[in-house]
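Enquirer: Pasting in a structure now, in structure tokens, and then I'll have a few things to ask.
The values are calculated or read from the model by the stated rules, or taken from the named source; none is laboratory data. Keep in mind that this is a model prediction, so the values were computed, not measured. Because the Cβ atoms are built from the backbone with ideal geometry, glycine has one as well, and the counts that use them run over all protein chains shown.
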């Protein structure tokens, strides 16, 4: 199965992906490309294309090996989801699309003007599950 988790920054995508992921599933997101070996996030705008290419390649490798995959990115437009929809078709698996609508503080400190751009270009995906994650106390 391919699970696509989408949502605005701070909506709970990564948290939900980690919660849903079990030992049989792989989880990828473009932000992982920007995280160093010590777990420190260092976003570099010049690497945005490379990070999404890396993410797609990881998802394809996993699907090719018949693994279940969770991919979580903003995916504000359907066009941004198309490479993953193509992989779903290519590998003839099940597809689940979840839209996170939580409103938490973005862990990546996304500037307000970038957040507004994402919000203004948002396109709903027919059949997606709308989910408002809750913060779980540790």
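Enquirer: So which of 94, 137, 105 is modelled with pLDDT of 90 or more, over 14 Å from the mean Cα position of the chain (by Cα), within 23 Å of residue 19 (Cβ to Cβ) and exposed (fewer than 12 other Cβ atoms within 10 Å of the Cβ)?
Expert: Of the residues listed, the single one that is modelled with pLDDT of 90 or more, over 14 Å from the mean Cα position of the chain (by Cα), within 23 Å of residue 19 (Cβ to Cβ) and exposed (fewer than 12 other Cβ atoms within 10 Å of the Cβ) is 94.
Enquirer: All but one of (1) surrounded by 16 or more Cβ atoms within 10 Å (Cβ to Cβ); (2) at pLDDT 95 or above; (3) closer than 22 Å to residue 127 by Cα hold for residue 89, so report the exception by its number.
Expert: (1) is the only condition that residue 89 fails.
Enquirer: So how many residues does the stretch 108-121 have that are closer than 18 Å to residue 16 by Cβ and modelled with pLDDT of 80 or more?
Expert: Number of matching residues: 1.
Enquirer: Does residue 17 qualify as being in a helix (DSSP H, G or I) and within 26 Å of residue 111 (Cα to Cα)?
Expert: Spelling it out, residue 17 is indeed in a helix (DSSP H, G or I) and within 26 Å of residue 111 (Cα to Cα).
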